[in-house]
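Working notes, structure below.
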Amino acid sequence: RDRTRYIYIVSDSTGFTASHALTSVMAQFDSLVVDWNGQDAGDSAKPPEVRTQMFSNVKDWGRLDRIAQLAARMEAFIMFTLVNPQLHRRLVRQCEALRIPFQDLLGPLVRRLSDFLQASPTGLPRGAMGTKRKPLSDKYFKRVEAVEFTIKQDDGALARNLDKADVVLLGVSRSSKTPLSMYLAQQFGYKVANVPLVLNIPPPPEIFKVDPRRVFGLIIQPQYLRRIRTRRLAGTGVDTESIGKKAGSFDYSNIKYINEELKYARELYSQHPEWSVLDVTGRAVEENAAIIAELMPGKPTPVEAALHALDCNFIIIDPKTHPTQFPIVFASDGFLQATGYTREELIGQSPTILHGPETSRETIAQVWQYLAEGREGHFELVNYRKDGSTFKKEIHLSPVRNFQGETAFIFATQCELQPLAPGFNPAPRPDADPADDGEFLREQVDKEKEREMRRQVQTKGWIAVTISDATSDAVPLVFASEGFFKMTGYEPAEILGHSLDMLYGQDTDPATVGKIGEAVRANAAISTCVLCYRKDGNTFWNHLSMQPVFDMNGALRYYVGTQYTGTSGVGNLVRDCGATFPSGLQTHASVTPFLPT
C-alpha cells in the first residue's frame, strides 16, 4: 500500500448507522492507521493509510452525483444508507457507470473492504482481547472542555465570549437551543454559545463580529412551538386555559405572539443571508446536530454553495475575434457537466450551439445586442444539452473592458431554473400537513434559501469578478469588477497589480489565508470565507471562490474569482490594468465538495 485509501459514507439522514458500522468493520484491520473524518488518526506517528469522509443529509441528485464523481477521482470506496429509493438507484447507477466500488451497508462489507484495502481481517470483534484499545485521546478532553464552555454560555450568558465559540445558535425560546448546544458539545466537541431572540430586542452586537459560517439561526413552525410551550407551562402549574386572555407572561404560548416572535427571527435572518438557517420542526436533536456539523467551516454554507454553483457554471466569450459569432474561449467544468459537451466540442464555438427550436429568438436577439454593445445584462433562456434535452437557465453577462473602453471579453454565469433530473426538487406531498412535517419544511427552507441567494447574486449583481495572474508568484489582480472596487473602497490604480493580501489585516484568520495559499500553490480551486479590510479600515466577510485557468499547453495562467459580501447594488463592469486575456483557454477546475486533507 503506497497511497492513502479513501472511504466515503453517504446517507440521506445523519449517517450515524453507517459510521458506527464502518467503525466496527475497521477494527478488523487494526494494523492500518485511520484518519476518522479528519478528526482522529489515533496515537500513531505514521501518516494515515486510510481516510474516511462523511456525507450526511444527502437529499438531491446534484449533490449525490458530485460525491460519486469525487469518489471516482479519488478512487474511493462508497458505503451508503439511503432509504430514498430514487437516491438509492441513482447512486448504484453512478457507481456502476464510474466503476466505483460500493456497498449498501454491512452484508459482504468485510469481504469487500478486505479486497479494497488489500488486508486480511483479524476475525475478532471490536474491543476483543488481542485488538488495539484506543486510549483517552485529545478529542475526549476537547469534548470535556467544550461541555464546560457550553454550560457557561447558555441562554445568552457572557456575550463577550461569542467570538471564542465554534458554533453560535440563535432562536426564540423553546426552539431546542440548549439541548442542541449540549449535544454538539458532547458528541462533536464544539464549543457552543446560544443566544435567545426576544421580540423587539436586538441581539448582542458581539454576534455580528463572529465568523458567519459559525452562526446558525433556528426556526420552528408556530403550532409546533405552541404545543411545546403549552406543555412547558402545564408542567409549571400555570393555568393554560387562560392563555391569550391576558397580557404579560401568558403571551408566552399565545399563537399570535409566537407568530410575531418568529417573524422577528426570520427578518433578522433575512438581513444576514450569510448565516445558515435550520428548521428544527419535528426533528431530533441528533439530526439537527448532524446538519450543523455538515455545514461547519470547511464545508460550504448556503451562500458558498450558491456561489460555488454559479462560479462553476460559466463561460468566457471573446467578442473581438468574430464580432458576429462571439466564440467561447473558456468553459468551466460545471458548465460542461450541465450541458453534456466536452471542452473540445465547445471551445471556439458560438453559444448558438446550445440553442434549439424552443429557444426564444427574441431573447437571443437581445443577448446578441448586449454582447455586441458590451453591456451587462440578465436573461432567461431555454437551452439544449448535447443529448437534445432542454433546460431553462438564468444567464448574467459581465463585460470586461480595457482602459480604452473596449470590451476585452465577457464573463457569463448561468444558474439552473429547473433540475437536471427528475426528483431534484421534490414536490409537496399531497397528504402532508405543512405545520407538522418538519423534514419537508426543512428541505424547502434549505432549497428556497439557496434559490433565493442565487437569484439575488444574479439579479442584484452581488458577485464581484476578479482575475489574477497565476504566472507571478504574488498572483496579482489584473482584472476586477466595479463591484470589487465598491466592495473594498480601493481605486483601480491602488489595488490592481497587487495581490489579495492587501485586503487582510490584524483579525484575518491566518489559517484561512494559509488554505488559500495552499490551494494556489497546488493549482486547485477553493471556496471559503475570510475576514477582509476595506480601504477605510472597516472589516467585511468576503465569501471567496477561486478557480484555476490553464492554457492549451496545460500551464496555469489565471485564477478566476468571485467574491460576495451581501452588499447589494454593485455592478459587474470590469476594468483592467493592461493585461490581455488569451483565447483558447481551458480549465481543470472541478465541481467538488469538501476534499479530504
Of a type in the set (G, A, S), modelled with pLDDT of 90 or more and surrounded by fewer than 18 Cβ atoms within 10 Å (Cβ to Cβ), is that true of G356?
yes
Of the conditions (1) within 28 Å of Q337 (Cα to Cα); (2) in a helix (DSSP H, G or I); (3) modelled with pLDDT under 75, the single one that I291 does not satisfy is (3)
Reported set for region 360-388 where residues are surrounded by fewer than 16 Cβ atoms within 10 Å (Cβ to Cβ) and polar (S, T, N, Q) is S360, T363, Q366, Q369
Per the list (1) modelled with pLDDT under 90; (2) assigned to a helix (DSSP H, G or I); (3) open to solvent by 50 Å² or more (accessible area, probe 1.4 Å), residue check on K246 breaks on (2)
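A quick yes/no check of all residues on (1) without any contact (Cβ under 8 Å) to a residue 40 or more places away in the chain; (2) of a type outside the set (K, R); (3) closer than 22 Å to Y559 by Cα:
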{"residue": "F314", "(1), (2), (3)": "no, yes, yes"}
{"residue": "P319", "(1), (2), (3)": "no, yes, yes"}
{"residue": "A331", "(1), (2), (3)": "no, yes, yes"}
{"residue": "T339", "(1), (2), (3)": "no, yes, no"}
{"residue": "Q369", "(1), (2), (3)": "yes, yes, no"}
{"residue": "R375", "(1), (2), (3)": "yes, no, no"}
{"residue": "F379", "(1), (2), (3)": "yes, yes, no"}
Note on region 321-344: residues open to solvent by 40 Å² or more (accessible area, probe 1.4 Å), more than 19 Å from Q69 (Cβ to Cβ) and either touching a strand residue (DSSP E or B) at 6+ places or on another chain (Cβ under 6 Å) or outside any loop (DSSP other than H, G, I, E, B) (or both) are E344
Selection from region 26-47 of residues modelled with pLDDT of 80 or more and either closer than 22 Å to L184 by Cα or in contact with a strand residue (DSSP E or B) (Cβ under 9 Å, 6 or more places away or on another chain) (or both) yields M26, F29, L32, V33, V34, D35
If we ask which residues in region 482-508 are out of contact with any helix residue (DSSP H, G or I) (no Cβ under 9 Å at 6 or more places or on another chain) and not in a loop (DSSP other than H, G, I, E, B), their number turns out to be 5
Selection from region 53-88 of residues part of a helix (DSSP H, G or I) and open to solvent by 10 Å² or more (accessible area, probe 1.4 Å) yields W61, G62, R63, D65, R66, Q69, A72, R73, M74, P85, Q86, H88
Note on region 195-234: residues over 23 Å from the mean Cα position of the chain (by Cα) and not in a helix (DSSP H, G or I) are V195, P196, L197, V198, L199, N200, I201, P202, P203, P204, Q221
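Yes/no matrix, rows are residues, columns are (1) modelled with pLDDT of 85 or more; (2) not in a helix (DSSP H, G or I):
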{"residue": "G514", "(1), (2)": "yes, no"}
{"residue": "V520", "(1), (2)": "yes, no"}
{"residue": "N523", "(1), (2)": "yes, yes"}
{"residue": "T528", "(1), (2)": "no, yes"}
{"residue": "H543", "(1), (2)": "no, yes"}
{"residue": "M546", "(1), (2)": "yes, yes"}
{"residue": "G561", "(1), (2)": "no, yes"}
{"residue": "S568", "(1), (2)": "no, yes"}
{"residue": "G578", "(1), (2)": "no, yes"}
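The values are calculated or read from the model by the stated rules, or taken from the named source; none is laboratory data. For clarity, every value in this text was computed on a predicted model and none was experimentally measured. FYI the Cβ positions are ideal-geometry reconstructions off the backbone, even for glycines, and counts take in every protein chain you see. For accessibility, only protein heavy atoms count, side chains too; no ligands or nucleic acids. Shrake-Rupley method; radii C 1.70, N 1.55, O 1.52, S 1.80 Å.
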